[in-house]
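To start, the structure itself, in structure tokens.
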Amino acid sequence: MSTRLVLLGTAGGPMPSVQRAGIAQALVVDDAVYLIDAGNGVARRMRQAGLSFGDLKAVFLTHHHSDHTADLGTLFLLGWGGLSAPVDVIGPPPLGSLIDHWFSAYDYDIRSRHEIDGRPALRPFVREREIVDAGVIYEDDRVRVTTALVQHPPVRPSFAFRFDTADGSVVISGDTARCAALSELARGADILVHEAIHAPSLAALSDVSGGTISTEELMSCHTSPDDAGAIAAEAGVRTLVLTHLVPPDHPGDEVWEAEARKEFGGRIVVGRDLAVLDLGPVAGSRP
Ligand SMILES: [Zn+2]
Ligand SMILES: [Zn+2]
């Protein structure tokens, strides 16, 4: 068995980044692909990472903010030709409504490719399931997935996911303020992938945020890199990956790492799109 984590997109927030795609990760166990979040660009990044749509087993959504869901629909619309079996799509309400409305919005294209081009019907490939509670929410012969409820007000529920495999464990924080339930979920994991927001750099966002949200409000529902380091230390993980970087194009890697290093003595990886982290006997990372 081989297991690797691929950072498909590492930007936080809805405004498209110059350097990074929207937030998404793939856990790849042998050839089976499990996606966590589906930010803008996820289908293209899957192809760039050499991942096949036909190997997609499940998509897990942490919460319903558009930077995490923008390309859930286009993932299926654009990847349709490569799909070979139903894909579980698992996330909080209103997931069912989101998918139903998306199918309605693209009914013309979906019907014409099915009826005229002869593609198999698309709807049966999407097997959605809503979740509201913490606990084990998915299990197959490769992974067991456990959730924790995290703190991302006013969004409720908002989830973190833990993936346990034969090669090790990966935890994805989703969007959250510093949260004890997350450090509990991440206890002893090999890799903690944690969101991070750098308050001193938020001025760089002021011309593109399109709203009036204050730094204080942002910090009440997100985590600073030093607090992400503290969570990693509390949980006793081996590797901390910083992602969902806000702002996505500031500051430099060395600043993100130095902030997290104040609290965490283990390995720190500042997320980059298409970076690969191996688990198990060949644990390490590739550029
Ligand atoms: Zn987000
Ligand atoms: Zn969010």
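See the values below:
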| quantity | calculated |
| --- | --- |
| Every residue from the stretch 233-247 that is open to solvent by 10 Å² or more (accessible area, probe 1.4 Å) and within 16 Å of ligand 1 (Cβ to nearest atom) | Val246 |
| Filtered residue count, the stretch 65-86, keeping only those that are within 16 Å of ligand 1 (Cβ to nearest atom) and surrounded by fewer than 17 Cβ atoms within 10 Å (Cβ to Cβ) | 1 |
| Filter result (within 16 Å of ligand 1 (Cβ to nearest atom) and within 21 Å of Phe159 (Cα to Cα)) within the stretch 1-20 | Leu7, Leu8, Gly9, Thr10, Ala11, Gly12, Gly13, Pro14 |
| Single match in Ile110, Ile116 (criterion: more than 15 Å from Val59 (Cα to Cα) and open to solvent by less than 30 Å² (accessible area, probe 1.4 Å)) | Ile110 |
| Filter result for Leu35 (away from ligand 1 (no atom under 16 Å from the Cβ), crowded, with 24+ Cβ neighbours inside 10 Å, of a type in the set (A, V, I, L, M) and assigned to a strand (DSSP E or B)) | no |
| Qualifying positions in the stretch 150-166 - away from ligand 1 (no atom under 14 Å from the Cβ) and either within 12 Å of Leu61 (Cβ to Cβ) or in contact with an Asp or Glu (Cβ under 7 Å, 6 or more places away or on another chain) (or both) | Pro157, Phe161 |
| Complete set of residues in the stretch 21-32 that are within 16 Å of ligand 1 (Cβ to nearest atom) and not in a strand (DSSP E or B) | Ala21, Ile23 |
| Condition met for Arg123 (more than 29 Å from Ala181 (Cα to Cα), open to solvent by 30 Å² or more (accessible area, probe 1.4 Å), basic (Lys, Arg) and over 18 Å from the mean Cα position of the chain (by Cα)) | yes |
| Filter pass, Glu195 being of a type in the set (D, E, K, R), touching a His at 6+ places or on another chain (Cβ under 9 Å) and more than 15 Å from ligand 1 (Cβ to nearest atom) | no |
| Flag if Val89 is open to solvent by less than 20 Å² (accessible area, probe 1.4 Å) and either away from ligand 2 (no atom under 16 Å from the Cβ) or of a type in the set (Val, Ile, Thr) (or both) | yes |
| Failed item in (1) of a type outside the set (Gly, Ala, Ser); (2) surrounded by fewer than 18 Cβ atoms within 10 Å (Cβ to Cβ); (3) outside any loop (DSSP other than H, G, I, E, B), with Lys57 passing the rest | (2) |
| Test: residue in the stretch 212-230 that is on the phi > 0 side of the Ramachandran plot, open to solvent by 20 Å² or more (accessible area, probe 1.4 Å) and out of contact with any His (no Cβ under 6 Å at 6 or more places or on another chain) | no |
| Criterion: of a type outside the set (Lys, Arg), at pLDDT below 95, within 15 Å of ligand 2 (Cβ to nearest atom) and outside any strand (DSSP E or B) - qualifying residue of Met1, Met15 | Met15 |
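Residue-wise test of (1) under 22 Å from Val143 (Cβ atoms); (2) basic (Lys, Arg); (3) in contact (Cβ under 8 Å) with a residue 24 or more places away in the chain.
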site	(1), (2), (3)
Asn40	no, no, yes
Arg45	yes, yes, yes
Ala58	yes, no, yes
Ala70	no, no, yes
Val87	yes, no, yes
Gly91	yes, no, yes
Leu98	no, no, yes
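The values are calculated or read from the model by the stated rules, or taken from the named source; none is laboratory data. Note that the structure is predicted; figures quoted are calculated from it, not measured. Heads up, the Cβs are rebuilt from the backbone with ideal geometry, glycines too, and the neighbour counts pull from every protein chain shown. Note: areas computed on protein heavy atoms with side chains; ligands, DNA, RNA excluded. Shrake-Rupley method; radii C 1.70, N 1.55, O 1.52, S 1.80 Å.
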